[in-house]
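A short write-up of the structure that comes next.
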Amino acid sequence: MKKFTLFFVMSLCVALFAINRSQAQDAEAPRFYLVMEEFVAPADLSEFWKVQSEGIALWDSLEIQITYSAYRIDRNSFYWAVPIQNFAALDDFYATWVVNSNSMKEAGWDPELKFRDLSNISQFVVMWDKELSYKPVKEEAAAEPDIFYEWSFIYLKSGHEKEAAEAVQKYIDFTKEEGIDYRWDIYRVVFGNHTPCWILETRAESEEAMRHFESENNKKYKEEYRELWKNFVQHVRTIETTKGWYLPKWSRNVGE
């Protein structure tokens, strides 16, 4: 099948997405997200940055109403997150792609030609797990967004989801009891490779702030965290961690 560029993929997903991560915690927010990782060769990064910026500016000028979040990843790639109400929403993928890509071509900017040889994309679908995610306080909608993100891809042993969830609940209970001002989100990969896989997302205003917070809490709760980890890790096959930085200039929030 013909390789689609980022704009082809995104234009097929006109479904809602909340840039403000606090919206992702609300009961009304979409529970499913299409996540695309776009890989760019180091030698092409400068050109990709230029072309992508041009494309987003044109997208805005055409008043194409989509919402998505963009992140720069520490391995020469980018994440693009788009919410979908359910899997049926993907049925509109191709029809919407045709409409929006044609609008760009009519404006004299052909996405296929612009992105030719610049990148490759992989995709997967995740479901936000409300029960295993934790936030101690409600965030203000107008608050400055956190910039630094860290995602731990936790590949569970087959059949261990129930036990792993119980182990995470112990983390939640301990965090509540100690009044620790710490938040995280857990997403379950529902369509993609190497399942069962959970994604633990944590974030902070900077990597330095996150490392400082972790260091202080590890000093204070070293033994407690060790026991919690021992209880959880027995259900894990392997963990891969990725760092990323939120790109507010490349993200869009159409809203309700």
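The values are calculated or read from the model by the stated rules, or taken from the named source; none is laboratory data. Please read these numbers as outputs of a predicted model, since none were measured by experiment. Cβ coordinates were reconstructed from backbone atoms using ideal geometry, including for glycine residues, and neighbour counts include every protein chain displayed. Areas reflect the complete protein model, heavy atoms only, side chains present, ligands, DNA and RNA absent. Shrake-Rupley method; radii C 1.70, N 1.55, O 1.52, S 1.80 Å.
Tabulated data
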read-out	value
Heavy atoms of M104 accessible to a 1.4 Å probe, total area in Å² rounded to 10	0
Sparsely packed GluC sites (Glu not before Pro) within the stretch 97-206, loop by DSSP, other Cβ within 10 Å at most 13	E131, E140, E205
Convex hull per residue volume in Å³, alpha carbons only, for the stretch 107-256	167
The stretch 172-237: C-alpha gyration tensor shape, a/c 1.5 cut-off, then a/b vs b/c	oblate
